[in-house]
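Worksheet for the structure shown next.
Derivation of every value follows stated rules applied to the coordinates shown; laboratory data play no part. As the structure is a computational prediction, the values presented were derived from the model and not from experiment. Positions of Cβ are generated from backbone atoms using ideal geometry, with glycine treated the same way; all protein chains shown enter the neighbour counts.
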Amino acid sequence: MQLSTCLVLLSLAVCASAENPFYAAGKFVWDAVGGAGDMLRAYRDMREANYVGADKYFHARGNYDAAQRGPGGAWAAKVISDARERWQSDVSGRGAADTAADQEANAWGRNGGDP
């Protein structure tokens, strides 16, 4: 019984080290999930604000918050932003100029720009 307890504790210590590839993969996924949550929060705030012309702020803020989590958050922000803009330009017909401006705000936030 004591040997199994020692093995479990040793396994946890090994998994917690930064050199462990499973730890890095888990952190990436955890950051991506958190980043998706940041993007959803910014979207909900934008819908609640319902203020014309403020969407670029919320685009930048959502991407900024997600990217601050790390590479996983930045990846999630890029995937979500690209999918949203692709849908917006193809389905809603808002136009290429609005999509380009939204993508600029997205990149600004992801790169650490002040929203």
Item to check | Zone residues, the range 61-89, relative to A54, backbone N less than 18 Å from point 7 Å out along Cα-to-Cβ | outcome: 61-65
Item to check | Separation of the R44 and D90 label points, Cα + 7 Å toward Cβ, nm | outcome: 2.8
Next on the checklist: Through the Karplus equation 6.51 cos²θ - 1.76 cosθ + 1.60, θ set to phi - 60°, convert the phi angles of the range 38-49 into ³J(HN,Hα) values in whole Hz; use x for Gly and Pro.
Outcome noted: 5, 5, 5, 4, 5, 5, 5, 5, 5, 5, 5, 5
Next on the checklist: Which of rounded, prolate or oblate describes the range 24-111 when judged by the alpha-carbon gyration tensor and an a/c cut-off of 1.5?
Outcome noted: prolate
Checklist outcome for this item: Computed about the Cα centre, the charge dipole of the range 58-115 from +1 Lys/Arg and -1 Asp/Glu charges at the Cβ has a magnitude in debye, to the nearest 20, of 180
Checklist entry - Extension gain E104-A83, at 0.36 nm per residue separation less the Cα-Cα distance, in nm? => result 6.1 nm
